[in-house]
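Below: one structure, written as structure tokens.
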Amino acid sequence: MRRKLNKISESWLRFAACLAVAGLLPGCSRTEESQFQGYVEADYGHVAAPVSGILLERPVTRGESLQKGQPLFTLEHAADEAVLAEAEGRLAQSQARLDNTRKGRRPSEIAALEARLTQARSSTRLSESEFARRESLHRQAVLSSAELDQARSQRDADRALVAALEAELETAHLGAREDEIRAAQNDVVAAGAAVRRARWSLEQKSQSAPIGGWVQDTLFEPGEFVPAGTPVVTLLPPGNLKVRFFIPQSELTRASPGARVQIHIDGVPTPVPGTVRYASTRAEFTPPVIFSRETRQKLVFRVEAALEGPDASSWRPGQPVDVRWDDAPP
């Protein structure tokens, strides 16, 4: 009887020892400890116009897939087109004024001056001949001094007229003075700046997708007034998806940037690889008490990992995931 009791006791001891060893050996519980819960998160892109205006059209809708450069929305821009046209007209006027200051007189005006100069030179030759003739007669005492002075005056007047016309013709071939040209150049620069400002303002009234992705949300409807800098469309580029999960303090040393993880999501048979990009330096969900050895086990730290591979492009923010270290046992 005692032998039977001893055998039964030994059997229970062996069974208890097996259970104790099973609890210490790596198994299901350790697998669960090496798996962390999280969710899909994203960095959204908000597209806004730096100028205000009434929303004229918004051809995209929520949930639509977009390509880079696809039009997103257009604000009312009739006034901006008028401002641009006015600025371009002022630029053309300033440029014409500058070109005119750099040029001499018109060809017809120069031709008229040349004709007058030719006539004046002919008159001068005639007056010089007349003066020479009268001077000879004066020496012969045939002509009075008054008549000689009259011929001299006519000759001098004709010579002065020739000199004046020659100077005027030379000036006609030149442009305006340097200070006038410089002022005209400044007008052209200012008018060009006004054109560029007006064109930029008009271009900002239409916005296109800076990158491909999905339309996460639309914030205004056509006909509504959109303040400057206020987003009209929210985009979700596939490359902006990430996973946010939480790890205990004991795993914090493994969450360095570049660490590899495997991300599991419901309904997807194979995990998606990821890379740790950020680990919080502060614990979350911590009680305001001095941490004992037991409470330290309850500290968790937020970690963010970037998704890799095309399989993750169909994931959406908010989906729950399970994350494991890449080298964790299966």
Next item on the list: Please name all residue pairs, on different chains or six or more residues apart, with Cβ atoms under 6 Å, provided the first residue is in region 219-247 and is free of Cβ contacts under 8 Å to residues at least 40 places away in the same chain and the second residue is part of a strand (DSSP E or B) and surrounded by 13 or more Cβ atoms within 10 Å (Cβ to Cβ).
Entry: Leu219/Pro231; Leu219/Val232
Margin query: Going residue by residue through region 184-204, is there one that turns out to be in contact (Cβ under 8 Å) with a residue 12 or more places away in the chain and part of a strand (DSSP E or B)?
Written below: no
Next item on the list: Return the pairs, sorted by first residue and then second, in which the second residue is basic (Lys, Arg), the first residue lies in region 120-142 and is open to solvent by 60 Å² or more (accessible area, probe 1.4 Å), the beta carbons are less than 7 Å apart, and the residues are 6+ apart or on different chains.
Entry: Glu128/Arg155
Check: Among the residues of region 58-73, which ones are assigned to a strand (DSSP E or B) and farther than 11 Å from Gly213 by Cβ?
Finding: Pro71, Leu72, Phe73
Check: From Leu66, Leu84, Leu72, which residue is open to solvent by less than 70 Å² (accessible area, probe 1.4 Å) and within 30 Å of Val189 (Cβ to Cβ)?
Finding: Leu84
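Any residue in region 163-170 that is within 29 Å of Gln93 (Cβ to Cβ) and open to solvent by 60 Å² or more (accessible area, probe 1.4 Å)? It would help to see each step written out before you state the result.
Looking only at region 163-170, we keep the residues that are within 29 Å of Gln93 (Cβ to Cβ), and these are 168.
Now drop any that are not open to solvent by 60 Å² or more (accessible area, probe 1.4 Å), which leaves 168.
Scanning region 163-170, I find at least one residue that is within 29 Å of Gln93 (Cβ to Cβ) and open to solvent by 60 Å² or more (accessible area, probe 1.4 Å), so the answer is yes.
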Next item on the list: Answer yes or no as to whether Arg30 is open to solvent by 90 Å² or more (accessible area, probe 1.4 Å), modelled with pLDDT under 50, assigned to a helix (DSSP H, G or I) and within 26 Å of Val261 (Cα to Cα).
Entry: yes
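Across region 181-223, what is the total count of residues that are among the polar types (S, T, N, Q) and more than 30 Å from Arg316 (Cα to Cα)? Let's see the steps before the verdict.
Kept after step one, since they are among the polar types (S, T, N, Q), are these residues of region 181-223: 185-186, 201, 204, 206-208, 216, 218.
From the residues that got through so far, the ones that are more than 30 Å from Arg316 (Cα to Cα) too are 185-186, 201, 204.
So the answer is 4.
The values are calculated or read from the model by the stated rules, or taken from the named source; none is laboratory data. All values reported here derive from a predicted model rather than from experimental measurement. FYI the Cβ positions are ideal-geometry reconstructions off the backbone, even for glycines, and counts take in every protein chain you see. Quick note on the areas: whole protein, heavy atoms, side chains included, nothing else; ligands and nucleic acids left out. Shrake-Rupley method; radii C 1.70, N 1.55, O 1.52, S 1.80 Å.
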